[in-house]
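Below you'll find the structure, written out as structure tokens, and then a few comments.
Throughout, read-outs are computed from the coordinates displayed, never taken from laboratory work. As the structure is a prediction and not an experimental result, all values here were calculated from the model. Note: ideal-geometry Cβ built from the backbone for every residue, glycine included; neighbour counts use all protein chains shown.
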Amino acid sequence: MEKKENNEELLAFLKRKGFVYQGSEIYGGLAGIWEFGHLGKLMKNNLENVWKNYFLSLGDEFYEIEGSIIMPKNVFVASGHLDNFDDPLAECFKCGNTERADKIIEEKLKIRVESSTDKELLKILNDNKLYCSKCKSKFEKVSRFNMMFPINFGPKEGSTVYLRPETAQTPYLNFKTQYELLRKKMPLGLAVIGKAFRNEISPKHSLIRCREFEQAELQIFFNPREINNEQITDTNTFSEIKNEKLKIILKDERNKPEKEISASKLLDYGLPKYYVYHMVKVQEYILQILKIPKEKFRFYELNDQEKAFYNKNHFDMEYYSESLNDWVEIGGVHYRTDHDLGGHQKISQVNLSVLDEKTNEKYIPHVLELSFGHWRNFYFLIEEHLKFDKKRENNILMLPPKIAPLKAAIFPMIKQPEYEDYARRIFNELKKEWNIAYDKSGSIGRRYARNDEIGTPFCITIDQDSIKNKDVTIRNRDNTKQIRVKSSELKDIFKKLINEEIEFEKAGKLI
């Protein structure tokens, strides 16, 4: 099998199959605004469930919450967004076009310029003849553009609130309430999967850079005195993962190829045990749950000029995108210290400290953030798992079964009432627990092809022997192998196949 899609071809596939398309499309669309069709929404829901099941299981007191996307101004005074949440805007005076200066440079020259000043960015643009994409003139100015979305709150003018630019603020505002409701236990993890809004200068590459998007983030509040403890949770220790290797580019070794470093060795670089443990867990999720190849995932450390000033440690998670021919950030692991709760305590005048029962001293909890670009993960999952099968002459979307939009499609092979009724009974039974399709039109080959292309992992056929033998045939999407399974055992076997608890060839009689 081979992969061949570039970004435009991949977007065309997503639209054609009803995964993703531009928002308000009948009115010409809005740049950086996207909507999910029936298959996209199903897949996104499944990805959310997989993420929650994995990350909420990392701690005894980890929970999901949901908060408003609208927040008062002082939230962002405390967080620093109002003053510092900006991007460099390159302006063309000739045609009036504006573009994001740092991204032009990074995409064209393959260098990182997060720490460069506006003056330095303009010089790099002009020295390398990186001109306006519309009229090909020189950019005349680079200045800062705040990406917050202000809105007027209520009928009175001047009552300004903001759409949240990140989901992270929701757990910080809810920490005190949740901490007290949950009997003051630490560490406390608060997860949010939801919308965030950034007024991007140059939204592009479909779901990669949007003005409205979703994040999946886990904020872990913990006692900083315990950051290097051997015991990570009540049942897990650092020693359990100390030999796990992570593919990393360190901030002082960017002129060298990425290398694999063991978790225990990373402690020698000054990284805390609590931080490294969760890096390992993030990698485990990417490689084992999302099934991203090891060679296409890495951690990239930001230096002091690049990372937010409050982050003591900051590693981006990166995926190598063949459609974009570059490494792209898909998330991050951030040790944010007490910046967030400390800032909100100062501005709100509400005490957010907690009591250390061992020392009887109060402290402001520190935060470890595991942040994922939810839509980016969605997009790159499809990029990674969409293959073209030369033998079948068809696209095959080889998503992990738990993430696939539809878990199975039911096909009656014979157009007679008794066979269709038998197929319907199986469909109705499986439909109670999973998203299942029923398809009786077209040749069996066409029905297989339609479902292969949208990622359906299993096709269940009712043939001439099914009624007599009280069994069905299950076909595997990835290798087209087939097994026969008794109808009475189908539900239990199907559940094990979806959860990858049994090998396909051992789930029934191979035919």
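Note on the chain: percent of Cα-Cα distances in each 10 Å bin, starting at 0 and stopping at the bin with the largest distance, equals 3, 16, 24, 25, 18, 10, 4, 0. For residue 501 and residue 73, a Förster radius of 51 Å and the Cβ-Cβ distance give a FRET efficiency of 0.50, rounded to the nearest 0.05. Cα gyration tensor of segment 67-193, axes a ≥ b ≥ c as square roots of the eigenvalues: rounded (a/c below 1.5), prolate (a/b > b/c) or oblate? Prolate, since a/c reaches 1.5 and a/b exceeds b/c. Only lysines eight or more places from residue 185 in sequence, or on another chain, were considered; those with a Cα closer than 16 Å are 176, 358, 362.
Look at 68, 321 and count the other Cβ atoms within 10 Å of each Cβ; fewest to most, that gives 68, 321.
Looking at segment 381-486, the DSSP beta bridges with both ends there are about 60 percent antiparallel.
Using r as the Cβ-Cβ distance of residue 143 and residue 489, and R0 as 51 Å, what FRET efficiency do you calculate, to the nearest 0.05? For residue 143 and residue 489, the calculated efficiency is 0.15.
Mind checking the full-extension length gain between residue 349 and residue 107? Use 0.36 nm per residue of separation minus the Cα-Cα distance, one decimal, nm.
The span from residue 349 to residue 107 would gain 82.7 nm if fully extended.
Between 113, 89, 139, the Cα set farthest toward the positive side of the dipole of segment 86-146 (charges on each charged residue's Cβ, about the Cα centre) is that of 139.
By its C-alpha gyration tensor, with a ≥ b ≥ c as the square roots of the eigenvalues, how is segment 222-294 shaped: rounded for a/c under 1.5, else prolate for a/b larger than b/c, else oblate? Oblate shape, in that a/c is at least 1.5 and b/c is the bigger or equal ratio.
What ranking do 70, 493 get, fewest neighbouring Cβ atoms within 10 angstrom at the top?
Exposure proxy ranking, most exposed first: 70, 493.
The magnitude of the dipole of the chain, with charges of +1 and -1 set on the Cβ of Lys/Arg and Asp/Glu and taken from the Cα centre, is near 1280 debye.
Within the shell defined by Cβ-Cβ distances under 13 Å, the residues around residue 417 carry a net charge of +1, with Lys and Arg each +1 and Asp and Glu each -1. Taking every DSSP beta bridge that has both residues in the chain, what percent is antiparallel when rounded to the nearest 5? Antiparallel: roughly 85 percent of the beta bridges in the chain.
Placing R0 at 41 angstrom, the Cβ-Cβ distance between residue 444 and residue 22 gives a FRET efficiency of 0.70 after rounding to 0.05. Taking only the C-alpha atoms of segment 86-146, Rg followed by Dmax gives 10.3, 28 Å. Between 189, 163, 59, whose Cα lies farthest towards the positive end of the dipole of the chain when Lys and Arg beta carbons carry +1 and Asp and Glu beta carbons carry -1, centred on the Cα centre? Farthest along the dipole direction, towards plus: 163.
Please work out whether segment 406-510 counts as rounded, prolate or oblate from its C-alpha gyration tensor, where a ≥ b ≥ c are the square roots of the eigenvalues and a/c under 1.5 means rounded, while otherwise a/b larger than b/c means prolate and anything else oblate? Note, shape of segment 406-510 comes out rounded.
Cross-link partners of residue 415 among aspartates and glutamates, defined as those whose alpha carbon lies under 20 angstrom from its own and excluding same-chain residues fewer than eight positions apart: 439, 463, 465, 471. With pairing defined as another cysteine C-beta under 4.7 Å, the cysteines of the chain that fail it are 210, 459. Listed by chain and number, the aspartates and glutamates whose C-alpha is less than 13 Å from the C-alpha of residue 468, apart from same-chain residues fewer than 8 away, are 418. Only helices enter this figure: runs of n ≥ 4 DSSP H residues, each worth -39500 (n - 2.57), summed and divided by the residues of the chain, yield -8500 deg cm²/dmol at 222 nm to the nearest 500. When the C-alpha to C-alpha distance is required to be over 29 Å, the pairs from 44/156; 44/486; 242/294; 129/387; 184/312; 15/195 that qualify are 44/156; 44/486; 129/387.
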